[in-house]
Structure formats: C-alpha cells, structure tokens
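Structure first, commentary second.
The values are calculated or read from the model by the stated rules, or taken from the named source; none is laboratory data. No experiment lies behind these values; they were computed from the predicted model shown. Positions of Cβ are backbone-derived with ideal geometry, glycine not excepted, and every protein chain shown enters the neighbour counts.
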Amino acid sequence: MPQAGCSRMACLPVHARGHTVMKAKNKLLLAWLLVVPVLLVRGFTTLYPVAMTFRNSLFDISLLRPGGPRFVGLDNFFRIFSDPKLLVSIEFTTLFTIVSMLFHIVFGIALALLLNVNFRGKRFLRTIVLIPWAMPMVVAGLAARWAFNDEYGLINDLIRRFNSSFHFDWLVYADSARLAVVAVDLWKDVPFFAILVLASLQFIPGELYEAARIDGAKTLRIFWHITLPMITKTVLTISIFFTLWRLTSYDVVYSMTSGGPADYTTLLSYRIMTEAFTNLNLGYASAIAVFLFAVMVVISSLNLFAIKKLD
C-alpha cells in the first residue's frame with residue numbers, strides 16, 4: 001500500500017523502481033535506433049551537398065575543359081563582381097526582392113483586412129482567393145507568357161477595349177519584362193501572404209476595438225495604434241520566408257521569360273542553373289550559390305534581430 005504523500009516512483013519497491021527505469025531506458029534506446037538512420041540519411045543528403053558546394057566554389061571546375069578541377073582560391077568570388085551578366089542578375093534579384101516584398105506586405109495586409117470583414121460569402125471569398133497560390137508557378141508563368149503577348153494576349157486585349165490602337169510586346173523590352181515578372185509573382189503569392197496575416201488578425205481581442213470606438217477612435221487610428229502593432233511581429237516573421245523564397249525564385253523566370261530579354265530578368269538562382277547545367281562551369285556556379293547563401297544568412301539575421309527588438 002503506497003504511503004500517503006509519496007510520489008508514484010518513490011512508493012515503488014527498489015527492484016520495481018529499477019525495472020521501471022530500465023524499461024524507460026530501453027524505450028529511449030529503441031527510439032534512437034529508429035530515428036538515427038533517418039537522421040544520418042537526412043544529414044548526409046543535406047550537409048554533404050552544402051559542404052561540396054563550398055569546396056567546389058574554391059576550384060575551377062569546367063566539364064568542357066580537360067584536366068580536372070584546378071584550385072583557384074577566391075578567384076570565383078572576385079569574378080562575381082566583375083562579370084557584367086552576373087551584375088545584371090544581382091541588380092534584378094535585388095530589385096525583384098525589394099519591390100515584391102514591399103507590395104506583398106502592403107497588398108497582403110490590405111487583402112487580409114478585407115477578408116477579415118464580416119459579410120455574407122466571406123468563406124467562399126477566402127477559398128477562391130487562394131486559387132492563384134495553389135496553381136504551380138510553372139503553369140502560371142507559361143500562362144503569363146501568353147497573357148503578355150502583344151497579338152493575342154489577355155492584357156493587351158483588355159487595354160484595346162479602351163484604346164483599339166494599343167500595341168506593346170511586354171516581354172520584349174527590359175523594363176516592361178521586369179514589371180511583368182514582378183506582377184505575376186505578386187498575383188501568385190500575395191493571397192497566401194494575406195491568409196497568414198488574416199490568421200494573426202483573428203487573435204486580436206475584439207474588446208480592444210470596442211474600447212477604442214467607445215473612446216472615439218476612427219478606423220485609420222484604430223489600424224495604426226491597434227491592428228498594425230498587433231500583427232507586426234507576424235508580418236516580420238513570415239516576411240523572412242517570403243524574402244528567402246524571392247531570393248531563390250527560379251520557376252517564374254524559367255517559365256515566363258527564360259531570363260530575357262538580354263538577361264535583364266535573370267535571377268541569381270536562374271544564373272546558377274545556367275552556369276552549372278548550360279555552361280557546365282560548376283566551380284563558378286558553386287561560388288554564386290555560396291554568395292547567395294551568405295546574402296540569405298545576412299537578411300535572415302537582420303529580420304530576426306528586428307523581431308527580437310519587438311519582444
């Protein structure tokens with residue numbers, strides 16, 4: 001009979017206590033035996049390619065040149081800042097990421113606020129809003145290539161309903177092609193950003209809004225002093241992932257413009273693919289990948305620092 005006030009383990013006899021501890025250790029050992037193979041496979045498939053990318057970035061590895069890899073140290077990294085084509089890619093990647101993320105935040109918050117309003121059919125609207133995000137980017141990119149065509153594209157057809165003489169081939173000119181790529185990226189991913197912000201809006205207590213209205217606060221003032229501060233941390237957190245996705249975007253350019261015209265819509269990830277699998281220059285491609293990885297680490301660190309400042 002267990003004594004009053006003693007714990008379950010302490011009330012057990014010594015031999016029973018030892019048996020229980022041994023049984024727990026055996027379960028833990030079994031758990032590790034089951035998990036370790038998966039961890040080893042996952043670690044090998046993740047860490048080995050990363051390690052090899054860092055190693056290859058220090059070598060001149062060209063499958064078109066006989067003689068095998070040649071150690072060049074940091075020459076591949078210095079070449080990054082003297083390669084005109086890559087500088088264009090860096091310029092567009094920076095522009096694409098900054099502009100896309102600014103509009104993701106603005107349009108995403110605006111759409112989330114709209115979806116948060118109580119009206120008949122809001123469940124249906126929340127569902128259909130996600131349709132662009134659910135569509136594969138390759139499909140969206142190929143559809144956009146047709147939509148921006150001058151002769152039979154949807155965009156120009158809509159404009160010609162107001163100006164019948166309008167003719168413009170969006171994907172032929174650098175500035176308009178870049179604008180089209182950013183627009184398709186926003187159309188595709190802003191709904192998902194908005195749904196994530198909407199989830200954050202659901203956790204704001206309604207009493208805060210009621211108290212603000214009783215005090216005479218208007219809608220805009222309520223947004224700036226209640227809604228925005230309450231969702232800022234969530235917006236910054238999801239912005240980390242969306243920013244990294246923008247930096248590593250590949251499929252929108254591949255399917256929509258193939259980097260053209262004249263490499264003006266080439267993102268860094270697409271340039272890495274071109275150098276590795278078209279030019280067969282694995283060393284230089286690895287150096288670009290390491291450079292992109294370093295940029296992503298810096299941006300993520302700054303974003304995490306900003307989030308900690310809000311705590």
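Screening G216 against (1) more than 30 Å from A144 (Cα to Cα); (2) in a helix (DSSP H, G or I); (3) of a type outside the set (D, E) leaves a single unmet condition, (2). Of the residues in segment 190-210, at least one is crowded, with 20+ Cβ neighbours inside 10 Å and of a type in the set (F, W, Y). Every test in (1) part of a helix (DSSP H, G or I); (2) surrounded by 15 or more Cβ atoms within 10 Å (Cβ to Cβ) is passed by L171 save one, and that test is (1).
Taking segment 41-62 as the range and being of a type in the set (A, V, I, L, M, F, W, C), in a helix (DSSP H, G or I) and either within 10 Å of S286 (Cα to Cα) or at pLDDT 90 or above (or both) as the test, the residues that pass are V41, V50, A51, M52, F54.
Before we move on, is P49 out of contact with any Pro (no Cβ under 8 Å at 6 or more places or on another chain) and free of Cβ contacts under 8 Å to residues at least 12 places away in the same chain? So P49 fits the description; yes. When each of H104, H19 is tested for being at pLDDT 90 or above and surrounded by 10 or more Cβ atoms within 10 Å (Cβ to Cβ), the lone residue that passes is H104. Out of G260, G216, I need the residue that is touching a residue at least 60 places away in the same chain (Cβ under 8 Å) and among the small types (G, A, S). Which one? Just a single option satisfies the conditions, and that option is G260. Which of the residues that make up segment 270-292 are without any contact (Cβ under 8 Å) to a residue 24 or more places away in the chain and either of a type in the set (V, I, T) or under 15 Å from L247 (Cα atoms) (or both)? Those that are without any contact (Cβ under 8 Å) to a residue 24 or more places away in the chain and either of a type in the set (V, I, T) or under 15 Å from L247 (Cα atoms) (or both): I272, M273, T274, T278. Segment 79-161 holds helices (runs of 4 or more DSSP H) entirely within its bounds, and those carrying 1 or more residues that are farther than 15 Å from S249 by Cβ and hydroxyl-bearing (S, T, Y) map to 122-129.
Listed by position, the helices (runs of 4 or more DSSP H) contained in segment 249-311 that have at least 3 residues being more than 25 Å from W133 (Cα to Cα) are 282-310. Scanning segment 203-225 for residues that are within 17 Å of N118 (Cβ to Cβ) and of a type in the set (V, I, T) yields I204, T219, I222.
Put simply, of R246, R271 the only residue that is charged (D, E, K, R) and under 16 Å from K188 (Cα atoms) is R246.
Which ones in segment 181-203 are among the hydrophobic types (A, V, I, L, M, F, W, C) and more than 19 Å from the chain's Cα centre (by Cα)? Within segment 181-203, L201, F203 meet the criteria. Determine, yes or no, whether G153 is at pLDDT 90 or above and assigned by TED's automatic domain parsing to the domain that holds L125. Here the answer is yes, as G153 does meet what is asked. I204 falls short on exactly one of the conditions (1) in a loop (DSSP other than H, G, I, E, B); (2) farther than 30 Å from I61 by Cβ; (3) free of Cβ contacts under 8 Å to residues at least 24 places away in the same chain, and that condition is (3). Going residue by residue through segment 236-246, is there one that turns out to be touching a residue at least 40 places away in the same chain (Cβ under 8 Å), buried (at least 19 other Cβ atoms within 10 Å of the Cβ), assigned by TED's automatic domain parsing to the domain that holds F148 and farther than 30 Å from A287 by Cα? Checking segment 236-246: not a single residue is touching a residue at least 40 places away in the same chain (Cβ under 8 Å), buried (at least 19 other Cβ atoms within 10 Å of the Cβ), assigned by TED's automatic domain parsing to the domain that holds F148 and farther than 30 Å from A287 by Cα. The requirement of being on the phi < 0 side of the Ramachandran plot and buried (at least 20 other Cβ atoms within 10 Å of the Cβ) is fulfilled somewhere in segment 222-234, by at least one residue.
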